[in-house]
Amino acid sequence: MSAKKSTGKKKEQQEKKSEKIIKEEMKEKEEKLLRTIADFQNYQKRMEKEIKIQVDETKKKYLTELIDLYDLLKIAFNDKKPKDGLKLMINNINNFFEKEQIKFIECVGKKFDHNLHHAVTTINKNDCEDDTIIEEIKKGYMFNEKLLRPSQVIVVKNEKK
């Protein structure tokens, strides 16, 4: 019977040791998890701050350009020959577009493309090819090869078809 008791005590001691080891491992993993969570939260805060800084810098860049255009518009308004001031302003806007890779969509005389154009109306005509753009109502723009604003156009429908 004493052999059974000593075996039982050994087993009990081993179980307590195992429990202690498991608790220590769980505590280590919990601490590691909490550190990882804290690191992630710090990373999130850092990224939010960096994104805000980038957004503010982008706004600052475009607002500065807008202020320059506003100043030119005021000069043109007060100019005795406002046409010269307006030409200067248009040139500055064109330079800004070029710098920012904004391009006009050339469309008059071209085939209608629903990806680039918005048909405001159609006109029936026999002397033009079907789906040809004959007039541009509002200019369309591309930004980095992506559509920024479609051209608003008038398209020909050939009646003979």
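What follows draws every value from the coordinates through simple rules; no lab data is involved. Model, not experiment: these values are computed from the prediction. Here Cβ is always computed from backbone atoms with ideal geometry, including for glycine, and neighbour counts include all displayed protein chains.
General remarks:
- Ellipticity estimate at 222 nm from DSSP helix runs (n ≥ 4, -39,500 (n - 2.57)) divided over the chain, nearest 500: -22000 deg cm²/dmol
- Residue-count net charge about residue 79 - beta-carbon cut-off 15 Å; Lys, Arg +1, Asp, Glu -1: +3
- Top positive-direction residue, dipole computed over the chain with Cβ charges, set 153, 55, 105: 55
- Gain upon complete extension [residue 13, residue 102; 0.36 nm per residue less C-alpha separation]: 24.3 nm
- Nearest 10 degrees, 0 to 90: helix 82-99 Cα axis against the chain principal axis: 40 degrees
- Theoretical gain in end-to-end length, residue 51 to residue 35 [0.36 nm per residue, Cα-Cα removed]: 3.3 nm
- Cα gyration tensor, the range 80-161 - rounded (a/c under 1.5), prolate or oblate: oblate
- Fluctuation leader among 83, 125, 17 - the chain, Gaussian network, Cα springs under 10 angstrom: 17
- Site-free segments of the chain were taken between GluC sites (Glu not before Pro) in DSSP loops having at most 16 other Cβ atoms within 10 Å, sites themselves excluded; the longest one is 1-99.
- Helix 2-78 vs. the chain, principal-axis angle (Cα, 0 to 90°, nearest 10): 20 degrees
- Of 49, 60, 11, the residue with the greatest mean-square motion in the GNM of the chain, using alpha carbon springs below 10 Å, is 11.
- The antiparallel fraction among DSSP beta bridges confined to the chain stands at about 60%.
- Gaussian network model of the chain, Cα within-10 Å springs - most flexible of 27, 103, 45: 27
- Subset of 87/111; 61/146; 111/139; 52/146 violating a 23 Å alpha-carbon distance limit: 87/111; 52/146
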